[in-house]
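Asker: I am attaching a structure below and will ask some questions about it afterwards.
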Amino acid sequence: MDDAPVTEFITDRDIYRHVILEMVPQARAFLWLATADLKDLYIERRGGFVPFLQAVAELLEAGVEVRLLHAKEPGPNFRADFDRFPVLIERLERLLCPRVHFKSVVVDGRAAYSGSANLTGAGLGAKSDGRRNFEAGIVTREPTLVAAIMEQFDLVW
């Protein structure tokens with residue numbers, strides 16, 4: 001993330017790679033996630049797949065503050081994964097707002113994603129070529145853009 005261009009247009013599987021696999025694990029102070037739809041996303045890790053919620057739980061255990069803003073209640077698979085990680089119940093800050101349709105990720109106030117992809121496997125490009133959505137967005141380290149993305153999140157929060 002640090003050697004990437006200040007602002008970059010990304011699509012499809014690159015959203016998953018840049019945002020979920022590169023940006024999110026670099027969070028040290030806080031991680032903000034906003035999405036309309038929320039499903040049980042699985043991510044590649046050490047030759048296998050683990051729930052994205054496991055990665056979030058690990059960040060919480062490392063002292064990262066995580067906020068999750070979403071528009072609708074997640075399905076049973078997400079809830080089952082959620083229940084596997086007690087730290088999510090204890091420390092994940094979650095807000096349900098049915099009017100949220102924007103999608104964004106903010107890492108430590110220094111990097112952000114804003115685009116069309118929901119926090120789902122199909123939305124973030126984690127699924128195979130024939131099963132994922134066609135999505136687009138930007139990743140940025142440009143302070144003015146990061147601040148604007150954070151301001152939108154804060155207005156709803």
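The values are calculated or read from the model by the stated rules, or taken from the named source; none is laboratory data. Worth saying up front: this structure is predicted, and the values here are computed from it rather than measured. These area figures cover heavy atoms from the full protein model, side chains too; ligands, DNA and RNA do not enter into them. Shrake-Rupley method; radii C 1.70, N 1.55, O 1.52, S 1.80 Å.
Asker: So in segment 22-58, with the set limited to residues that are assigned to a loop (DSSP other than H, G, I, E, B) and among the acidic types (Asp, Glu), which one is least open to solvent (accessible area, probe 1.4 Å)?
Answerer: Ranking the candidates gives Asp37 first.
Asker: A further question follows. Every residue in segment 66-87 that is open to solvent by less than 50 Å² (accessible area, probe 1.4 Å), modelled with pLDDT under 95 and assigned to a loop (DSSP other than H, G, I, E, B), please.
Answerer: Listed by number, the residues that qualify are Pro74, Gly75.
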